[in-house]
Amino acid sequence: MIPAPAFLTNPERFMAFSRWAAPMFGAIAVILGLAGLWLGWSAPPDYQQSWTVRILFIHIPTAWLSEFAYACLASASLLSLVWRQLLADAAAQAAAPLGAGFTLLTLATGSLWGRPEWGTWWVWDARLTSELILFLIYLGYMALRASMDDEIKGARAAAILGLVGALILPIIHYSVYWWNTLHQGASVFRSGGSALAPVFFWPVILMVLAYTSAFGSLWLVRIRGEVWRRRADAAALRAARA
Amino acid sequence: MSRFSTLLARETALAWGRGGGPMVSVGFYAGVATLLPLAIGPEPARLAAIAPGAAWVALALASLLSLDRLFERDYEDGALDHLTLSPVPLELTCAAKCFGQWLATGAPLALAAPVAAIALGAPLSLTPLILACALIGGLAFAFTGGIGAALSLGARRGGLLTAVIVLPLFTPPVIFGGGVLSAFLSGLPWTAGFVLLCAYALAFVALGPLFMAAACRNALS
Amino acid sequence: MIHLETGKYAFYVWTAYGVSAAVMAVMVAGALAHARRWKAKFEALNQGQVRK
Amino acid sequence: MIRSLELRGVALSRGGRLLFKGLSLSLGAGEACALTGANGSGKTSLLRAVAGLAAIEAGEVGFGGVDPADARAGGLHLAGHQDGLKPARTAREELEFWSVWSGGDAASAAGAAEALELRPLLDLEVRRLSAGQRRRLALARLLAAPRPLWLLDEPLSPLDAAWRERFGAMMQTHLAGGGLILAAVHDPLPIAARTLEIVGPEMGA
């Protein structure tokens, strides 16, 4: 077995750990979020981007999280597939809806950010397009989970799909950027942070940390839900046979 | 090696289905290509602009549709058990299935692609290129689609689920193929895109069967 | 101090924050409800041993 | 070349539910064993576990020193309820494919067809055959490509009395040649065989 810390491999220890860890991460998220927003909003309006930079405070973190959540999903899938960790399967299943949620948020805030500049609600910009395809991957993962009756087979099939997604994601990113340079020239987002005035550097960092710990908290809560679901299924089986 | 060639012959024959397989796929392809002008309007100028791209997307959809019986038939009637209990590794068997699928329906679709493109207004000069792209792209669609078909074994609504799983895997070949065709028409260099399309197809000819075999073993257990 | 007036882009900024707050709220509520529902279901099935 | 089959303390579950545990069996060359037990008790799952298609929960499946992967690649036949024959293809096409695929060839396929009196049916499409004829076509695969271990799942059910007798004789010759048979059955096998009953989750040590 891999020498992982006990709370990662043993459901009992994980439930005890997450009982206090989930609210803790939630609190951290709120504190950092408020600090980030307060810092970001008290800075003088950045003249070039005027006010839309304030949307970036809530766009950049979700864009990062949509990828990070998939990385968590894929590594949990690998753990569940190779080392048959039940907890890892619960973690992968729990990460999918959150990742999809953050991807949706990225798309929404991205189009709102660009709207004043583009004049339209959606532009087939390289980053937004690959976010959209990432959303389709989350959808495919959740659809596969939802339509497999046998839990155990469904878990392994989803783990395999999780790994296929991890393999294809960088290829999709590359091909979308290649497609973008072919058809449109420069992308709308001038390579994210670098065009950001230094005064906004810290607020963005704080917001990214806040959102990441929010994800951590939500993920733990959802994994607890998945553990309870598996325990309920086991109890139902026992009751059926008793 | 005789086992593999016998298997490939069987898979191709099954996918060919006495002409039924390609007929259905090409029929669907022609159907989609016919719907487009009905929806967009017959003006040649407007149609010609989207002709190569539309022909390419319709090819991807047609390849997708001819996939759902790739593993399901053998899974349901028990043949997959016997195909697994053999010295030929399951990965190779899955590759043979996808290859047979490509030969029986991918190739005829590739022949139909130039016809559809020209019907929609693409210039005749595009024919050799779209034929080559359709052949290589068909290979990519078959081997990525095979992953979706294997993963959705034993699932409800298998065919539709395969499509939802597989469409993200189709985006790179759709991008590369579409890019090659539009670059060719506007006189830009198109070889880079074509090489990328070939690289993608070969990558999944190599990697796809690994995922398919794992998915089949999971479905059989 | 905090500059709340956001000029002509006020609509987009506030909509973005509103949408974000709403979606985050749904995600938090969904996660909590999911955990609570299955815990209750487990305890109902298990009556006896109530585990943390 | 499989000389024996050992099951030690095998436990098997399906869909999260424990079927049985602690099941042990040792089968030598030339021996047959009949697996009995209620429907759904796990007979088919055990055959699939021995064939390596299903994973076992605990215990061990040994093939007398032969590496299990090699044993399962070419050393055993699994004849299940489903015969895996394609209705639209002719009996000849199917038999010859499965014969070559399992290690035989066209000649051995013809020999097997002869032994099971399938010659007149070979040019018919499989969907035109009766259940008994389809089962004989599936069993012909066992003769077309000789493999030591036969895992049979209710092999005789669709056969009539005469054919049960004749297939019994074929099983006898298989055993005489040093083969092994593990068959899940409801009614007794037409040959001498030990029996192993799968009672349920509480069986075993």
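What the table shows:
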| quantity | calculated |
| --- | --- |
| Relative contact order, percent, chain B [alpha-carbon distance under 8 Å, six or more residues apart] | 26 percent |
| Highest average packing first - D:151-157, D:14-20, Cβ atoms within 10 Å | D:151-157, D:14-20 |
| Trypsin sites (Lys or Arg not before Pro) restricted to segment B:95-188 and DSSP loop, no more than 16 other C-beta within 10 Å | B:Arg156, B:Arg157 |
| For segment A:64-194, diffusion coefficient by Stokes-Einstein and Kirkwood Rh (Cα), 25 °C, 0.890 mPa s, µm²/s | 157 µm²/s |
| Karplus-derived HN-Hα couplings along segment D:54-61 (A = 6.51, B = -1.76, C = 1.60, θ = phi - 60°), whole Hz, x at Gly and Pro | 10, 8, 9, 6, 8, x, 8, 10 |
| Between helix D:161-176 and chain D: long-axis angle, C-alpha atoms, 0 to 90°, nearest 10 | 70 degrees |
| Residues A:Leu34, A:Leu206, sorted so that the one with the fewest Cβ neighbours within 10 Å comes first | A:Leu34, A:Leu206 |
| Zero-based 10 Å bins, Cα pair distances in chain D, whole percents | 9, 35, 35, 18, 3, 0 |
| Two-decimal log10 I(q)/I(0) for segment C:6-51, as the Debye equation yields it once each C-alpha is a single scatterer, q = 0.17, 0.18, 0.20 Å⁻¹ | -0.61, -0.64, -0.70 |
| Shape metrics for segment D:111-205, restricted to C-alpha atoms - Rg then Dmax, Å | 15.0, 53 |
| Computed E for B:Arg157/B:Leu35 - FRET, C-beta separation, R0 25 angstrom, nearest 0.05 | 0.60 |
| Counting DSSP beta bridges with both ends in chain D, the antiparallel % (nearest 5) | 45 percent |
| Chain B: equivalent-ellipsoid semi-axes (sqrt of 5 x gyration tensor eigenvalues, Cα, Å) | 32, 17, 15 |
| J(HN,Hα) series, segment A:137-152, from Karplus relation 6.51 cos²θ - 1.76 cosθ + 1.60, nearest Hz, glycine and proline x | 5, 4, 4, x, 5, 5, 5, 5, 4, 6, 9, 9, 6, 6, 4, 5 |
| Separation in nanometres of the label points that stand 7 Å from Cα toward Cβ, at B:Ser186 and A:Asn10 | 6.2 nm |
| Antiparallel DSSP beta bridges within the protein assembly as shown, percent to nearest 5 | 50 percent |
| Segment A:165-171 - phi-based ³J(HN,Hα) in whole Hz, Karplus 6.51/-1.76/1.60, Gly and Pro as x | x, 5, 5, 7, 4, x, 5 |
| Nitroxide proxy distance, nm - points 7 Å out along Cα→Cβ at A:Phe201 and D:Ala69 | 5.3 nm |
| Whole-number percent relative contact order across chain A, with pairs defined as alpha carbons under 8 Å at least 6 apart | 36 percent |
| Positive dipole terminus of the protein assembly as shown, leading residue within A:Ala158, D:Gly30, B:Ala119 (C-beta point charges) | A:Ala158 |
| At least 24 Å along the helix axis (C-alpha) and Kyte average at least 1.0, DSSP helices within chain B | B:20-40, B:44-65, B:127-151, B:158-185, B:191-220 |
| Chain D, relative contact order in percent, only Cα pairs under 8 angstrom and at least six apart counted | 33 percent |
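A short reminder: the numbers here are calculations on the coordinates, not readings from a lab. As the structure is a prediction and not an experimental result, all values here were calculated from the model. So basically every Cβ, Gly included, is an ideal-geometry build from the backbone, and we count neighbours across all protein chains shown.
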